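Down below is the structure, laid out as structure tokens.
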Amino acid sequence: MNELLEERRILAEDNKYKVYSVYESVYLIDKYNQNKSHKFIAWIYGDPKGAIISKDQKYIVVSGYGISIYYLDEQLGESQLSFFDDPDNSKYTCGLHQNEIDDKSLNFFRFVSYNDKQEPRVFRMNAHNFQWEEL
């Protein structure tokens, strides 16, 4: 694992968590955990392009070939869901962003992808009901 850590790329970090990738695998470190274990949270074909940790620290979003959402809520149990990564219905995603000004609930995040006309656009997705829309 030590030689793989040399290949890691930091995708997101806040006061509690660090998210990094080693090639196509994405890992999470909880900085407050005594053993600082490296927990596998997602696999993104073609390497991830970025990540955000939600401002309320309830979920992590990873972009690249599709979107992966990893939930940190202990009451729900840790879980991971993937979207737009089916070969017949895929989206290349990047440019993740979350803004408290237009979303006080912190349920939404934004990403950049191509629409059905192959035009680059900004999309908004709800991390709890998985509805998304082109802005």
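Springs join every pair of Cα atoms under 10 Å in this Gaussian network model of the chain, and among Asp30, Asp103, Asp14 the largest mean-square fluctuation is at Asp103. Using a cut-off of 31 Å between Cα atoms, the listed pairs Lys18/Lys117; Lys39/Lys91; Lys55/Lys91; Lys18/Lys91; Lys16/Lys49 include Lys18/Lys117 as exceeding that distance.
For the stretch 46-135, the list of trypsin sites (Lys or Arg not before Pro) that fall in a loop by DSSP and count at most 12 other C-beta atoms within 10 angstrom reads Lys104, Lys117.
Taking square-rooted eigenvalues a ≥ b ≥ c of the alpha carbon gyration tensor, is the stretch 67-127 rounded, prolate or oblate, where a/c under 1.5 means rounded and, failing that, a/b exceeding b/c means prolate?
Working: a/c = 3.24, a/b = 1.32, b/c = 2.45.
The shape class here is oblate.
Note on the stretch 34-135: with charges restricted to the Cβ of Lys and Arg (+1) and Asp and Glu (-1), its dipole about the Cα centre is near 300 debye. With a 10 Å cut-off between alpha carbons and a GNM built on the chain, which of Ile101, Ile52, Ile69 moves the most? Looking only at Ile101, Ile52, Ile69, the largest GNM fluctuation is found for Ile101.
Counting other C-beta atoms within 10 Å, and keeping those with at most 12, which DSSP coil chymotrypsin sites (Phe, Trp or Tyr not before Pro) do you find in the stretch 97-135? Write down the numbers at each step before the final one.
Working: sites: Phe108, Phe109, Phe111, Tyr114, Phe123, Phe130, Trp132; in loops: Phe130.
In loop regions of the stretch 97-135 (DSSP not H, G, I, E or B), the sparsely surrounded chymotrypsin sites (Phe, Trp or Tyr not before Pro) are Phe130.
Report summary: the helix-based calculation at 222 nm, which adds -39500 (n - 2.57) for every DSSP H run with n ≥ 4 and divides by the residues of the chain, gives -500 deg cm²/dmol. Shape analysis of the stretch 33-99 places it in the prolate category; the axes a ≥ b ≥ c from the Cα gyration tensor give an a/c of at least 1.5, with a/b above b/c.
Each reported figure results from applying straightforward, stated rules to the coordinates on display, with no laboratory input. Just so it is clear, the structure is predicted and the values come from calculations on it, not from any experiment. A quick note on method: Cβ atoms are made from the backbone with ideal geometry, for glycine too, and the neighbour counts reach across all protein chains shown.
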